[in-house]
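One structure below.
The values are calculated or read from the model by the stated rules, or taken from the named source; none is laboratory data. Keep in mind the model is a prediction, meaning the values are calculated, not measured. Note: ideal-geometry Cβ built from the backbone for every residue, glycine included; neighbour counts use all protein chains shown. What goes into the accessible areas is simple: the full protein's heavy atoms, side chains included, and nothing from ligands, DNA or RNA. Shrake-Rupley method; radii C 1.70, N 1.55, O 1.52, S 1.80 Å.
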Amino acid sequence: MKIQAKNWVIPMMVAAIFGSQTDIASASERESLEEVRATTMSLIELLVQEGVLSKEKADALLKQAQLAKQKAKEEADAAAAQAETVAEKPAEGQPKAIRVQYVPEHVKNEMRAEIEQEVMKKLNYKAGERLGVPEWIDRIEWTGELRLRYQEDMFSENNVIPGVLSSSEVRNVVVNNSTEDRERHRIRALFGANLHINDWLTGGIRFQTGLLQTPVTPNQTEGFSQGKFVFGLDRAFLEAKPYDWLTLTGGRFANPFFTSNRTFGTDLIWDPDLAFDGFVASANPAINKHWKLFSSVGAYPIEEIESSNINKAKDKWLYAAQGGVEWTSSNDSKVKLGVAFYDFKNVEGELNPIGDPNRYAGTVPLWRQKGNSTFSVDGLNANRCGAGGPCGLASQFQLINFTGEVDLAAFDPVHVILHGAYVKNIGFDQQEILRRTGNVYKEENEGYELSLMVGHQSVRKLHDWQVFGGYRRLEADAVMDGFTDSNFHLGGTDAKGFFIGGQYGIGKNAWLSSRYISTDEISGLPFSVDTFFVDLNGRF
């Protein structure tokens with residue numbers, strides 16, 4: 001029997017305070033009733049003190065109790081009189097029997113629990129009102145993370161100097177340092193909230209450190225003479241789930257694609273901290289307990305450009321779709337395979353005509369790292385890319401990506417995870433690039449990665465651990481260099497090398513991690529760098 005507490009909490013309190021003794025079978029039970037009355041009176045006094053009940057409402061409650069007591073007494077007297085006329089006379093020395101309605105113990109427990117829940121709910125709500133905290137605060141889940149990092153960048157003595165790298169027309173690389181080793185202490189902080197709006201709609205907001213002009217790294221180098229750290233909006237989205245297998249997301253949100261092993265933060269195409277703007281629909285229907293499909297399709301604005309008679313550049317977009325299958329064995333081992341297509345629109349550069357340096361200035365990327373083939377957008381006006389002029393991307397970008405992962409759980413909680421990915425930019429077309437830029441570029445448009453992890457799936461408590469390693473090769477125009485991993489080769493493409501590392505839990509939601517990355521250029525000017533990280537992480 002399901003009893004709605006809100007319909008009888010007050011009557012029960014009234015009964016507890018002034019209930020008739022005619023329904024009590026013994027003196028010990030009357031003593032228990034007196035204890036209940038005293039406790040209830042103390043509770044009412046506390047509710048008045050806390051502001052849950054006003055003094056007027058408390059007085060009205062007591063008055064109601066008095067009336068209830070009087071009515072109960074009258075009904076009990078009438079029932080007793082009627083019983084005397086029909087009941088047999090009791091034996092000499094025997095007390096008069098009193099009939100008490102039996103209430104099962106489980107019903108008593110349920111009533112008690114619901115009364116407590118209802119009163120505490122009312123108390124919390126009223127206390128929230130007094131503190132100015134709205135009722136829906138209970139539907140917000142706060143999240144956050146802090147990371148303290150030591151980073152050392154070690155450059156090869158054979159590297160060319162930054163001035164030579166930035167003077168290249170066909171692969172322009174802008175860096176401040178390529179020869180002097182560097183040590184930094186860095187910090188990353190994020191704070192956000194998951195919003196539970198209703199049964200089918202959720203959302204999220206998150207703020208994170210990081211430079212405002214870069215979309216790929218949240219790290220900020222410590223040094224109090226620099227002033228305050230930047231804390232910007234990194235997530236703002238709504239997520240609708242009309243069916244268990246369908247999710248619709250819009251706003252700014254995390255990477256929706258299966259492209260990486262996020263257990264230890266490696267990704268061939270995207271930086272792990274990159275946020276996506278736009279809209280995505282994801283469907284993940286389960287065929288049975290072993291087989292599940294996954295898919296996503298979406299549109300993501302990269303850069304909005306206000307076109308005019310002067311500026312003929314167009315808005316830059318990413319249209320993407322992915323599909324795949326996941327198999328789970330009886331011991332929870334998994335095999336997951338996915339294929340994706342990424343179509344970048346209007347990201348390639350266009351030549352300005354003679355005498356019109358602004359016609360296609362908007363085709364220059366707002367943000368890039370290094371590695372992609374470039375050319376002088378304003379070269380016909382003697383404003384060369386290698387001399388500080390605008391640099392456009394030579395290639396179009398249409399990516400075919402295959403990703404696979406095998407997760408062996410035979411030794412659970414220790415897992416063995418093998419991850420692999422391959423990408424090819426089928427948008428690279430030498431003849432099309434020659435017509436548009438006047439330059440000929442070597443076809444370097446493929447990339448791949450292999451990695452292995454042994455340990456716990458995630459590091460969340462004391463003594464959880466992981467060790468991992470892998471190799472990556474990413475040619476110059478395999479992907480857009482602006483959105484790739486900012487740690488591997490210090491960001492960008494035209495890079496090959498290996499990485500090794502590990503993580504260890506030093507307490508609940510606290511862990512140490514370390515990684516060593518060694519990379520070289522594939523075909524560009526000499527630029528080799530080894531990077532070493534040690535991180536102290538905390539999550540709440």
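Data for the structure
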| read-out | value |
| --- | --- |
| Percent of Cα pairs exceeding the 15 Å cut-off, where the set is segment 335-408 | 62 |
| Gain on full stretching of the segment that runs from Trp465 to Asn358 - 0.36 nm per residue minus C-alpha separation | 33.1 nm |
| Extension gain, Ala240 back to Ile161 (0.36 nm per residue minus Cα-Cα distance, nm) | 23.3 nm |
| For segment 474-505 versus segment 292-321, the gap between their alpha-carbon centres in whole angstrom | 24 |
| Label-point separation, Ile506 to Leu366 (7 Å along Cα→Cβ), nm | 3.9 |
| Relative compactness, segment 238-321, computed as alpha-carbon Rg over 2.2 N^0.38 Å | 1.37 |
| Of all accessible heavy-atom area on segment 283-384, the percent that carbon and sulfur account for (1.4 Å) | 57 |
| Segment His196-Val339, length gained on full extension (0.36 nm per residue, minus Cα span) | 48.3 nm |
| Inter-site label distance for Asp412 and Arg139 at 7 Å from Cα along Cβ, in nm | 3.4 |
| Solvent accessible area, Å² - Phe402, 1.4 Å probe, full protein context | 100 |
| FRET efficiency, Glu152 to Lys55 (Cβ-Cβ, R0 51 Å, nearest 0.05) | 0.15 |
| Rounded, prolate or oblate (a/c below 1.5 giving rounded, otherwise prolate when a/b exceeds b/c) for segment 247-396 by Cα gyration tensor | prolate |
| Distance between modelled label sites at Ala387 and Leu46, nm, 7 Å Cα→Cβ extension | 8.3 |
| Ordering of 171-181, 386-396, 282-292 by burial proxy (mean other Cβ atoms within 10 Å per residue, highest first) | 386-396, 171-181, 282-292 |
| Entries of Lys292/Lys334; Lys345/Lys442; Lys241/Lys292; Lys312/Lys345 with Cα pairs more than 20 Å apart | Lys345/Lys442 |
| Segment 206-255 and segment 519-537: distance between their alpha carbon centers, rounded to Å | 25 |
